Structures are given as C-alpha cells and as structure tokens.
Number of protein chains: 2
Amino acid sequence: MTTPRDRLLDAAGELFYREGVGVGVDALCKAAGVSKRSMYLLFESKDELIAASLDRRAPGHDAVLLPPDGGTPRERVLHVFRAQDDLTRQPTYRGCPMVATATELKDATHPANAVARRHKQALTDFFAAEARAAGVADPDTLAAQLTMVFDGAGARAVLRAEPLDGLGVATATALLDAAGLT
Amino acid sequence: MTTPRDRLLDAAGELFYREGVGVGVDALCKAAGVSKRSMYLLFESKDELIAASLDRRAPGHDAVLLPPDGGTPRERVLHVFRAQDDLTRQPTYRGCPMVATATELKDATHPANAVARRHKQALTDFFAAEARAAGVADPDTLAAQLTMVFDGAGARAVLRAEPLDGLGVATATALLDAAGLT
DNA sequence: CGCCGAGGAAACCGATCGGTCTACGGTCGG
DNA sequence: CCGACCGTAGACCGATCGGTTTCCTCGGCG
C-alpha cells in the first residue's frame, strides 16, 4: 500500500514534468487521490512539494542514464548520451526535469532550484570521475563540457520536438576525442 | 511616440522573460500602459501576444550575438559564444528566451513554439554558413553541435546562477578544432 | 461498545486568471 | 462646434489560484 506522501510525490513528479509547475494544487491532489488537507499536512507549501518531487525523481533518472558497472570510461560516458537519445524518442519527452523546472521557476532561491543544481552536479561529478579514471588532463573542464552538451541536446529535442538521432552522442564523442579520452 | 502595440510587445518581451509566461494579462497591460481592451483588439489572445513578443525580441537578440561584418569564420562563430558569455554575467540573465519559452509552454503546437524553432534555426544556419565558408566537411552537423553547446551553456548559467566564465567559448573551440575549422 | 486519530470531501477565503464590455476622455477632420 | 473615432479606466464574468477550515466517515484499540 502506497502512502499518501508517495502518491503525492509521484503524481507531482509526473504532472509537473508533463504540464509544468503551473499545475494547480487541486488538480494535483485529485490525480494523487489525496485531499488538499492531507497535502498541506505533509508539505509546507506547493513550492516544497515541487522541490521534494524533483528530488524523488532523481534516483530513477540516474538509473536510466548512468551505466551499469564495468566498461571503459569512454563507453560509460557515452552510455549516458545514448540513454538520453533513447529518451528523446519518446513523445512524452520534455527535456531534463531539473533544467525544465529551474527554467520555469526563474527564482534562483526557490527550494527546487537547489535540488536541480545538486543533481546536475551529480551528473557532472560522474563525468569527472570517469575522465579522471582515464587520466584526462583536465577532467573537471571536460565534465562541465559534457554536461553542457547533455543539456543542450535536451533543449534541442524539446525545441524541435523530435529525437536527437545521434547528435548528442556524436558531439560528446568529439569532445572525448579532443580531450584524449579514447 | 510609441504605439500601444510596441509598448505591449516590449513590456511582454521583458516581463515574460524575467518572470515567465505565467505573468497575468492585467499586470502586463499595466506595465505597458495599455488597457486590456486595446490589447485584445491588437492581439487575438495572450498566446498570440507571447508569440509576437518573442518574434520581436529576435532582431535585438541577433544584434547582440551575431558578429559584425568581417573576420574569419572561426572568429565569427566564437563571437557568438563570447557575446553569450557576456550576457551570462548580467544578473538578469535567464537563458535563451526561445529555449525558456518553449520549455515553459510544453505544448509543441503553441504559436510561440514555431517562432522559437524558427529563430533557433536561424542561429544554426549562421553557424552552418560559416562552417561552409571555411570548407568544413560536414557543416550542418557542426552547426547543430554548436547550437547544442550554445543552449547547453545557457542552461548551465541558469541552473548555477553564475556566469559561464569561458566554458561555452572553450567548448565551441574544441568542436571547431575537432571539425578542422581553424 | 465507545472512543480517538487519520484522512477524505468539500466549502470557503481573498486574490488572480484570461477575456469581455460599458462608459468616458481625448483628438481629430469637417 | 460637431460628430467620429481611438484608446483608457475599470467593472464584470466564470473559473481557478494557493491555502485554510469544517465536517464526517472510517478503522483500530481499549
């Protein structure tokens, strides 16, 4: 049996991603099968719920993007971009949830923004660790560059409303080659 | 004397960028010094106004990003990323207006989405023209990659709420080098 | 059985949403 | 001096916003 809290977080994660954070609390509670009363007992405000739902999405997100154990650093990095490429083939793809939420909220002090920044940093850290393992000269710069390509690829897929078709993988490959990560 | 139409488009362009498309029509009209009645005589709906204001922003946007006449293709391409770097130093920077609006609207059929796609394509076309002038093997792919880096760099600046500090320029440089555009 | 807390349904709050409409103040050409 | 017209101010519409509150129905436990 799922708790009201879980149902709220799941419904929020899906609705906020699909329709934006402008979705009303009433619609959200109805989708979660939870009363507004319970929602406001579980969360201080809608803003807190946004942040919490974003946080909850992260593990699943990582599970899709990050590679399983094993493989060369190059393959492990490229796995992320291949997984993103697959995601953009789904018609429900609306870009990276972290980027989308931060973009919608504008306010840099919003609690959800800290969540987004933290999880985006985790992806950058993964790239940096692989680059370091491969002995790249400047792993942090390469990691930042790969993260930018990742988010730029997501933006492209959203704007054009079409799959990436290998463009993200190709760009990441070019950067890996340039950095000597073979 | 500015026309009500111009004032509306200017106010909409600034407010929608700074606070998002969720800004109300009342606040918008007050900022523009135009009555709601006039607004709805000039535009069919708020959605049309969003699209029109985005369209109006584009020339100024191009003027800031695109290089003046002259210079090598490489320098002309890098000028775009240097200009973007400067933009991210401003505390009012909220990312590329086209990307931000498309991200907020979700709906791919929204009139503003076509505007965003068109103007993003214009940037890609600029990159492709420079690449072609420099005799690059696959100018269209390079142009798409540069556009992704551009948007990824914008997303990074928004998420981290800090300037790019050369990261966009460095990444674009790496891609130019990789493509043999010296 | 009675009691109690958890939680759902829904009324309610003031504010605001996108959008329409009336009424009035200006500024023209005749 | 006069209508014709453009545009503003703002009331108004039903709906919805984030958030609070009241009421009532449960299930578990003594």
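The values are calculated or read from the model by the stated rules, or taken from the named source; none is laboratory data. Predicted, not measured: the structure shown is a model, and the values here were computed from it. No Cβ is skipped: glycine too gets one built from the backbone with ideal geometry, and neighbour counts run over all protein chains shown. Accessible surface is based on the protein model in full, side chains and every heavy atom, while ligands, DNA and RNA are left aside. Shrake-Rupley method; radii C 1.70, N 1.55, O 1.52, S 1.80 Å.
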Original post:
When both residues are 6+ apart or on different chains and their Cβ atoms are under 8 Å apart, which pairs have a first residue that lies in the range B:1-17 and is within 14 Å of chain A (Cβ to nearest Cβ), and a second that is more than 13 Å from DNA strand C (Cβ to nearest atom) and of a type in the set (V, I, T)?
Top reply: B:F16/B:T101
**OP:** Go through the range B:1-14 residue by residue and tally those that are closer than 20 Å to B:A114 by Cα and open to solvent by less than 40 Å² (accessible area, probe 1.4 Å).
**Re:** 3
Subject >> Output for the range B:111-156, where each listed residue is among the small types (G, A, S) and more than 10 Å from chain A (Cβ to nearest Cβ) >> reply: B:A112, B:A114, B:A122, B:A128, B:A129, B:A131, B:A133, B:A134, B:G135, B:A137, B:A143
Subject >> Where A:A108 falls short, out of the listed (1) at pLDDT 95 or above; (2) within 14 Å of chain B (Cβ to nearest Cβ); (3) out of contact with any Pro (no Cβ under 8 Å at 6 or more places or on another chain); (4) away from DNA strand C (no atom under 16 Å from the Cβ) >> reply: (1)
**OP:** With the condition kept exactly as written, say whether any residue in the range A:157-170 is open to solvent by less than 20 Å² (accessible area, probe 1.4 Å), in contact with a Phe, Trp or Tyr (Cβ under 9 Å, 6 or more places away or on another chain) and of a type in the set (G, A, S).
**Re:** yes
Original post:
In the range A:3-11, is there at least one residue being within 11 Å of DNA strand D (Cβ to nearest atom), over 30 Å from A:D177 (Cα atoms) and outside any loop (DSSP other than H, G, I, E, B)?
Top reply: no
Original post:
Would you pick out the residues in the range A:18-56 that are within 14 Å of chain B (Cβ to nearest Cβ), more than 13 Å from DNA strand D (Cβ to nearest atom) and surrounded by fewer than 21 Cβ atoms within 10 Å (Cβ to Cβ)?
Top reply: A:R18
Original post:
Which residues, counting only those in the range B:35-89, are within 11 Å of DNA strand C (Cβ to nearest atom), touching a residue at least 12 places away in the same chain (Cβ under 8 Å) and farther than 16 Å from B:Y17 by Cβ?
Top reply: B:S38, B:M39, B:F43, B:D47, B:E48
**OP:** Kindly establish whether B:L164 is touching a residue at least 12 places away in the same chain (Cβ under 8 Å), part of a loop (DSSP other than H, G, I, E, B) and facing chain A (nearest Cβ under 10 Å).
**Re:** yes
Original post:
Would the range A:26-33 turn up any residue that is out of contact with any helix residue (DSSP H, G or I) (no Cβ under 8 Å at 6 or more places or on another chain) and within 15 Å of DNA strand C (Cβ to nearest atom)?
Top reply: yes
